[in-house]
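Engineer: Handing you a structure now.
The values are calculated or read from the model by the stated rules, or taken from the named source; none is laboratory data. None of the values given here were measured: they were computed from a predicted structure. Backbone-built Cβ (ideal geometry, glycine too); neighbour counts: all protein chains shown.
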């Protein structure tokens, strides 16, 4: 399974390298920076590489790996256990793929946003979310991403993706997002 | 940015609902009879006569003073509808028969567009005047003047400086709007210092009360700002790569301790209040955050998970002599030191509940002061006798205040807003 994903990634890198002027769609639904109950207007796409042309996935001749649901790079969320900040085995391939993608695309940059569930203090959760984002950042650095391409930040418990005070919501919010 | 219309926080008094017996008996300086009520509160019975020429309404001085004293938990206000002014003879026997050990009377006088409040505090047991004074203010400061009278009464009868003529900061959220608000200690006169659609956390008062440092996420990451309240001018004092948070002022107001992740993990730094001269204080392989200076400025308390779970530690401002301070429970965060340096308050998780604790630094005695499932952000009143904290349950978020001996408590609720992240400001002149 991992082998297949890696192969897909490699193909994707190759494709992307061949059409490097295509601006990636920043607003792929799974990585949208959503706030409470989607009542917050979606933030504007972060400027990344300074290009002005934007090509939607449907009109792109090659499928952007970041927008290709069958590509591992489409997944950009890493989930953590309660009070934990180690990248679990099941997410190592995902994190490595993003690290390699950045290594192959030095003009791309990401912000890694750490989040926590709602339990506990604001500041300690901010530091915990930072530790999660930092764990992802380090793993991506090991895969070849440069420090200048990545910034690990934390939202702590302040911007929960899932509302509610149950285990399902908490699990969803113990998360680091890789934002291109 | 427009100032918000006057908002009111609703006070709900829960006097004598304390969870512990008194650690600090009230010194009855004026030799008044002490009444025990509730869970060991020593309440001084005081009659507050209606001040002369004190118009009824939101700013009625007599009512403001009575509400302050009642809320403090140290007084029982004996009801009186009599007009009592600051001059003339007092019939002590009559007031004693009503159960009052003290009597406050006064009057308001308007002159040259200003209001003069004169008042007299009388000890009905010893038949002596404890204080007779007055103050003259512009009309917009009438509530502040009333709080100052209450402060004087509080101090004369307890020996402790009154906490009423002070301000609080907190974050209110309604819908997607976050507001950093500043209000009087009783929740009145609230105004919005900063408004945004991104979260705001961790307000911290400068020692002189002129500025508030806080963390805003308006740049899609936590950045530390210092804002001057009078001018609303603000500067980013820490906007480094990574997260910037947890501001705490040095007692001289010149530096801030902050938590930065620019080198990877969250670590404690200090920086001048204008953002210059950044220095890393200590280096650990763990989370170090939530710095807080001791009143003397010779110690920084902070939260660290270096032992595997978050605990409170102390060190010198240069990062030396690190010592662990909390040992009970596996989750102790958010240290706050009392302005007199004697008590450390923090949030401890026990049996899955996050509650306010206070540790007597002299004898190591630890006391639980709140019983909420999710309490946060303890902040001491400048007189060291009360702790304000955020409390949330069943989707409601409000502020609560508990006496450090647990003898009394009250809550501050806002209509249509969730309020949290309280910070009690310093004494003002």
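Engineer: Kindly indicate which of B:252, B:186 is more than 14 Å from chain A (Cβ to nearest Cβ), at pLDDT 95 or above and part of a loop (DSSP other than H, G, I, E, B). Before you say what the answer is, go through the steps one by one.
Structural biologist: Values: B:186 fails: at pLDDT 95 or above.
Exactly one of B:252, B:186 is more than 14 Å from chain A (Cβ to nearest Cβ), at pLDDT 95 or above and part of a loop (DSSP other than H, G, I, E, B), namely B:252.
Engineer: Can you tell me which residue is modelled with the highest pLDDT among those in the stretch B:393-409 that are part of a strand (DSSP E or B) and more than 27 Å from residue B:293 (Cα to Cα)?
Structural biologist: Of the stretch B:393-409, the ones part of a strand (DSSP E or B) are B:393, B:396-403, B:409.
Right, trim to more than 27 Å from residue B:293 (Cα to Cα) and you get B:393, B:396-397.
Details: B:393: 75, B:396: 81, B:397: 88.
That would be B:397.
Engineer: I'd like the full set of residues that are more than 8 Å from chain B (Cβ to nearest Cβ), in a loop (DSSP other than H, G, I, E, B) and touching a residue at least 60 places away in the same chain (Cβ under 8 Å), limited to the stretch A:120-175.
Structural biologist: A:160, A:161, A:163, A:174
Engineer: Taking the stretch A:95-117, which residues are within 14 Å of chain B (Cβ to nearest Cβ) and either under 22 Å from residue A:162 (Cβ atoms) or not in a strand (DSSP E or B) (or both)? Please lay out each step first, then the result.
Structural biologist: Initially, the stretch A:95-117 is screened for residues within 14 Å of chain B (Cβ to nearest Cβ), giving A:109-117.
Correct list: A:109, A:111, A:112, A:113, A:114, A:115, A:116, A:117.
Engineer: A further question follows. For the stretch B:215-239, enumerate the residues that are outside any strand (DSSP E or B) and surrounded by fewer than 18 Cβ atoms within 10 Å (Cβ to Cβ).
Structural biologist: Hits for the stretch B:215-239 are B:218, B:219, B:220, B:230, B:231, B:232, B:233, B:239.
Engineer: Specify the residue that is farthest from the other protein chains (Cβ to nearest Cβ); the eligible residues are those in the stretch B:360-387 that are surrounded by fewer than 23 Cβ atoms within 10 Å (Cβ to Cβ) and not in a loop (DSSP other than H, G, I, E, B).
Structural biologist: The extreme case among them is B:360.
A quick yes/no check of all residues on (1) crowded, with 18+ Cβ neighbours inside 10 Å; (2) within 27 Å of residue B:420 (Cα to Cα); (3) not assigned by TED's automatic domain parsing to the domain that holds residue B:238:
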| residue | (1), (2), (3) |
| --- | --- |
| B:281 | yes, no, no |
| B:284 | no, no, no |
| B:290 | yes, yes, no |
| B:293 | yes, yes, no |
| B:298 | no, no, no |
| B:313 | yes, yes, no |
| B:326 | yes, yes, no |
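Engineer: May I pose another question? What number of residues in the stretch B:167-208 are under 16 Å from residue B:381 (Cα atoms) and in contact with a strand residue (DSSP E or B) (Cβ under 7 Å, 6 or more places away or on another chain)?
Structural biologist: Count: 15.
Engineer: Hey, can you tell me all the residues within the stretch B:340-359 that are under 14 Å from the mean Cα position of the chain (by Cα) and either farther than 17 Å from residue B:294 by Cα or surrounded by fewer than 20 Cβ atoms within 10 Å (Cβ to Cβ) (or both)?
Structural biologist: Scanning the stretch B:340-359 gives a single hit, B:340.
Engineer: Of all residues being without any contact (Cβ under 8 Å) to a residue 24 or more places away in the chain and within 23 Å of residue B:207 (Cβ to Cβ) in the stretch B:314-336, which is farthest from the chain's Cα centre (by Cα)? Just the residue, please.
Structural biologist: Taking the candidates together, the pick is B:316.
Engineer: Restricting the search to the stretch B:361-382, which residues are under 25 Å from residue A:118 (Cβ atoms) and out of contact with any strand residue (DSSP E or B) (no Cβ under 8 Å at 6 or more places or on another chain)?
Structural biologist: If we filter the stretch B:361-382 for residues that are under 25 Å from residue A:118 (Cβ atoms), which is where we start, we get B:368-379.
Answer for the stretch B:361-382, where residues must be under 25 Å from residue A:118 (Cβ atoms) and out of contact with any strand residue (DSSP E or B) (no Cβ under 8 Å at 6 or more places or on another chain): there is none.
Engineer: Is it the case that some residue within the stretch B:337-351 is in contact (Cβ under 8 Å) with a residue 24 or more places away in the chain, farther than 25 Å from residue B:298 by Cβ and touching a strand residue (DSSP E or B) at 6+ places or on another chain (Cβ under 9 Å)?
Structural biologist: For the stretch B:337-351, residues in contact (Cβ under 8 Å) with a residue 24 or more places away in the chain, farther than 25 Å from residue B:298 by Cβ and touching a strand residue (DSSP E or B) at 6+ places or on another chain (Cβ under 9 Å): absent.
Engineer: Kindly list the number of the only condition in (1) within 14 Å of another protein chain (Cβ to nearest Cβ); (2) assigned to a strand (DSSP E or B) that fails for residue B:264.
Structural biologist: Among (1) within 14 Å of another protein chain (Cβ to nearest Cβ); (2) assigned to a strand (DSSP E or B), residue B:264 violates only (2).
Engineer: Further, regarding this structure: Which residue is farthest from the other protein chains (Cβ to nearest Cβ), if the candidates are limited to the stretch A:67-94 and must be assigned to a loop (DSSP other than H, G, I, E, B) and farther than 21 Å from residue B:305 by Cα?
Structural biologist: Filtering the stretch A:67-94 for residues that are assigned to a loop (DSSP other than H, G, I, E, B) and farther than 21 Å from residue B:305 by Cα, the one farthest from the other protein chains (Cβ to nearest Cβ) comes out as A:70.
Here is a yes/no grid of residues against (1) in a strand (DSSP E or B); (2) within 14 Å of chain A (Cβ to nearest Cβ); (3) free of Cβ contacts under 8 Å to residues at least 40 places away in the same chain; (4) more than 23 Å from residue B:255 (Cβ to Cβ):
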residue: B:142; (1), (2), (3), (4): no, no, no, yes
residue: B:146; (1), (2), (3), (4): no, no, no, yes
residue: B:179; (1), (2), (3), (4): yes, no, no, yes
residue: B:182; (1), (2), (3), (4): yes, no, no, no
residue: B:204; (1), (2), (3), (4): yes, yes, no, no
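Engineer: A follow-up question, please. Here are the criteria: (1) farther than 28 Å from residue A:111 by Cβ; (2) touching a residue at least 24 places away in the same chain (Cβ under 8 Å); (3) crowded, with 19+ Cβ neighbours inside 10 Å. Tell me which single one residue B:255 does not satisfy.
Structural biologist: (2)
Engineer: Select from the stretch B:276-306 the residues that are part of a loop (DSSP other than H, G, I, E, B) and more than 20 Å from residue B:251 (Cβ to Cβ) and list them in ascending order. Reasoning before the result, please.
Structural biologist: Taking the stretch B:276-306 first, the residues part of a loop (DSSP other than H, G, I, E, B) are B:276-278, B:281-287, B:294-299, B:305-306.
Hits for the stretch B:276-306 are B:283, B:284, B:285, B:286, B:287, B:305, B:306.
Engineer: Does residue B:212 satisfy the criteria of being within 11 Å of chain A (Cβ to nearest Cβ), surrounded by 18 or more Cβ atoms within 10 Å (Cβ to Cβ) and farther than 23 Å from residue A:134 by Cβ?
Structural biologist: Considered against the rule, which asks whether it is within 11 Å of chain A (Cβ to nearest Cβ), surrounded by 18 or more Cβ atoms within 10 Å (Cβ to Cβ) and farther than 23 Å from residue A:134 by Cβ, residue B:212 comes out as no.
Engineer: Right, another one. Would you call residue B:213 more than 13 Å from residue B:422 (Cα to Cα), modelled with pLDDT of 95 or more and in contact with a strand residue (DSSP E or B) (Cβ under 6 Å, 6 or more places away or on another chain)?
Structural biologist: No: the conditions fail for residue B:213.
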